[in-house]
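Following: one structure in structure tokens, then a few remarks.
The values are calculated or read from the model by the stated rules, or taken from the named source; none is laboratory data. Values in this document were obtained by computation on a predicted structure and should not be read as measured data. Cβ placement follows ideal geometry from the backbone for every residue including glycine, while neighbour counts extend to all protein chains displayed. Note: accessible area is taken over every heavy atom of the protein model, side chains too, but ligands, DNA and RNA are not part of it. Shrake-Rupley method; radii C 1.70, N 1.55, O 1.52, S 1.80 Å.
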Amino acid sequence: MLGYQVTKIKGDRDIVIADTGSRSGLTAQFDQEADGHALRVGSEFGLQFKLKNFKISPYVGLEHISARMNDFEETSTSGHGDLALKVNFDDVSQTSLESGVRLGAELMNVGSSTVSLHVQPYLRRIVSGDEPELSTQYAVTDSSYNAHLKSHNDDLQMGISLGGDIAFGALSIGAGVDFTSSDTLNQTQGSLRARFAF
């Protein structure tokens, strides 16, 4: 399997500083945004059971991801831009083991190709990965520091993928949206991929 993945992250953050008497308090709101991209290479082993136009394919797979997350920035929505946080990310590579089941439905045939939709619940565990350099800066202090961002190798992720594929014989090309959740990460990703079955 060969794929290209685009990640878009959006969020919000509030800061509340209480009035101490000698200094007045404040409440600040921020919008957060970051984006990134990744190249995914992997292989899967599984079985396919077909019933009319429906396919059930349990599988196990190993995947390597080489990713780049662009700068993470906050924009103040309350006039407190001096408290905004900016994070610079490094490149990261990870290898993960995945097991799940792909549920597919063939919609139509166009010439020699087949168009289908799929739902794919899965479990994933990172088995090896880099610890990227994380650079953080608060504009209010104009200072920065470096820290190691831990690779959560023991973190079991649960996810579901929704998408569609066009199959040309053994080759299929598709696009989808992945929703991933764990104790330390909630993520939504879009991806393009190509698979070759043999």
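Among the residues of region 111-132, what is the count of those that are of a type in the set (S, T, Y) and either farther than 21 Å from L171 by Cα or open to solvent by 40 Å² or more (accessible area, probe 1.4 Å) (or both)? Show your work before the answer.
Filtering region 111-132 for residues of a type in the set (S, T, Y) gives 112-114, 116, 122, 128.
Add one more test, that the residue is either farther than 21 Å from L171 by Cα or open to solvent by 40 Å² or more (accessible area, probe 1.4 Å) (or both), and what stays is 112, 122, 128.
Going through region 111-132 one residue at a time, the tally reaches 3.
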(request) Tell me, yes or no, whether region 98-110 has at least one residue that is without any contact (Cβ under 8 Å) to a residue 60 or more places away in the chain, open to solvent by less than 80 Å² (accessible area, probe 1.4 Å), out of contact with any Phe, Trp or Tyr (no Cβ under 7 Å at 6 or more places or on another chain) and under 30 Å from Q29 (Cβ atoms). (result) no
(message) So the check is Cβ under 6 Å with 6+ separation or different chains; which pairs have a first residue in region 161-185 that's at negative phi and a second one that's surrounded by 18 or more Cβ atoms within 10 Å (Cβ to Cβ) and of a type in the set (D, E)?
(response) S161/D178; S172/D165; G174/D165
(request) Kindly indicate the residue of region 139-179 that is at pLDDT below 50 and part of a strand (DSSP E or B) and also nearest to the chain's Cα centre (by Cα) among those meeting that condition. (result) H148
(request) Could you check how many residues of region 72-89 are open to solvent by less than 60 Å² (accessible area, probe 1.4 Å) and either at pLDDT below 80 or part of a strand (DSSP E or B) (or both)? (result) 11
(message) One residue is enough: does region 5-20 have a residue meeting the conditions of a type in the set (S, T, Y) and modelled with pLDDT of 75 or more?
(response) no
(request) Could you tell me which numbered condition D35 fails, if it satisfies all but one of (1) assigned to a strand (DSSP E or B); (2) farther than 27 Å from G163 by Cβ; (3) acidic (D, E)? (result) (2)
(message) Residue under question is V127, and the condition is that it be of a type outside the set (S, T, Y) and at pLDDT below 50; does it hold?
(response) no
(request) Among the numbered conditions (1) within 30 Å of M158 (Cβ to Cβ); (2) acidic (D, E); (3) outside any strand (DSSP E or B), tell me where E98 comes up short. (result) (3)
